[in-house]
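Take a look at the structure below.
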Amino acid sequence: MGRFRRTLVGALTLGCVMIGTQMGPAEAVTATATTPPQVKVKDVGDPGLYGEALVSVAVRCFDRADLQQLAVEMTQGEVIGNRVVDSGVVCDGVRRTIPVWVSTDGPDFDPGPAVVTARLTVLDPKTGSPLPPVSSTATVFLRPQVVVRVATGPVRLNANGNAVVRASVMCRTPWIGTSFGVTLTQNGGRIIGRSSYIEEPPCDNAFHEYRFTVVPTKPFVRGGIRVSTSMFVLDPGSYDPAFAAAVETNRQALPWGQ
């Protein structure tokens with residue numbers, strides 16, 4: 001009896017292996033033919049020079065399906081833009097980040113939040129019919145092309161009443177930075193001084209800090225002081241002004257060593 005049971009179990013096991021071998025490809029075809037694509041809108045983007053905006057969309061599709069389209073819509077208040085991508089996506093299971101320029105016929109997109117919806121549709125590799133589309137919606141922050149900052153802490157005064165202040169700037173590729181400097185005012189504007197300018201800070205997507213010595217109309221004194229800093233970036237083709245950033249903040253003016 002024990003021998004018979006072992007033989008029966010072995011036969012059943014072999015039958016299961018054979019059935020699995022016969023059914024595996026069919027099951028794989030069924031699974032791969034219905035694998036849904038994936039899409040996700042990244043949460044940062046950049047405004048362009050001519051009112052458009054650049055956003056990034058991560059897509060992933062499978063089974064050698066064909067892309068029908070990746071449709072992207074962006075809204076920022078009353079500004080609406082659209083873009084349809086119908087090439088450049090391969091359905092091989094690899095997740096890819098697709099840069100998408102979204103244009104508008106109306107007002108420009110500006111730095112700040114915008115709502116972006118991406119809808120991805122692929123074609124079934126067997127029938128050629130569209131599979132159910134998938135979509136992603138996110139609030140995207142359009143980063144400014146230039147950012148200026150004033151260093152924290154006091155403004156230092158030297159023995160002559162001149163002020164030393166640090167400020168930093170970041171501008172993005174491929175714009176051209178120009179005329180970065182600071183202005184200091186005190187006592188309601190009765191004391192004022194302007195630094196010399198850094199004419200071409202590098203626009204390489206990184207912050208660069210500079211130290212300015214400001215010679216006023218008459219010596220700065222200990223106490224509250226107003227610090228202003230600003231910079232333009234230029235169109236790399238025409239050299240026309242494209243974007244600007246400015247900051248005004250209050251600091252304390254203190255002599256060195258205090």
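Any read-out appearing in this document is the output of simple, stated calculations on the displayed coordinates, not a laboratory observation. Fair warning: this is a prediction, and the values are worked out from it, not measured in the lab. Cβ coordinates were reconstructed from backbone atoms using ideal geometry, including for glycine residues, and neighbour counts include every protein chain displayed.
Things to note:
- Residues in region 221-235 that a label on residue 197 would reach, taking backbone N under 15 Å of a point 7 Å out along Cα→Cβ: 229-235
- Across region 36-52, computed HN-Hα scalar couplings (Karplus, 6.51 cos²θ - 1.76 cosθ + 1.60, θ = phi - 60°) run x, x, 10, 8, 8, 7, 6, 9, 10, x, 9, x, x, 6, 10, x, 7 Hz from first to last residue, x flagging Gly and Pro.
- Nearest 10 degrees, 0 to 90: helix 2-33 Cα axis against the chain principal axis: 50 degrees
- Around the amide H of residue 176, modelled in the peptide plane, lie the amide H atoms of 234, all under 5 Å away and 5 or more residues distant in sequence or on another chain.
- When Rg and the Kirkwood Rh are both derived from Cα coordinates, the Rg/Rh ratio for region 28-168 amounts to 1.26.
- Volume per residue of the convex hull around the Cα atoms, evaluated for region 145-224, comes out as 89 Å³.
- When the Cα atoms of region 120-258 are aligned to their principal axes, the ranges along those axes come out at 83, 32, 25 Å in descending order.
- Shown is the FRET efficiency for residue 119 and residue 205, computed with R0 = 22 Å from the Cβ-Cβ distance and rounded to the nearest 0.05: 0.15.
- Gap separating the Cα centres of region 105-154 and region 162-227, nearest whole Å: 34 Å
- Legend: calculated FRET efficiency, residue 183 to residue 44, from the Cβ-Cβ distance at R0 = 25 Å, rounded to 0.05, equals 0.20.
- When each of 78, 200 is scored by the number of other beta-carbon atoms lying within 10 Å, the sequence from fewest to most is 78, 200.
- About the Cα centre, charge dipole magnitude for region 36-142 (Lys/Arg +1, Asp/Glu -1 at Cβ), debye: 540 debye
- Computed from the C-beta positions of residue 190 and residue 149 and an R0 of 25 Å, the FRET efficiency is 0.40 to the nearest 0.05.
- Helix-derived mean residue ellipticity, 222 nm - over the chain, DSSP H n ≥ 4, -39500 (n - 2.57), to 500: -4500 deg cm²/dmol
- Amide hydrogen proximity for residue 140: with H placed 1.01 Å from N in the peptide plane, the residues at 5 or more positions away or on another chain lying under 5 Å are 114, 115, 116.
- Semi-axes of the equivalent ellipsoid for region 68-118, Cα gyration tensor, largest first, Å: 25, 11, 8
- For the chain, the direction-averaged projected area of the alpha-carbon convex hull comes to 25.4 nm².
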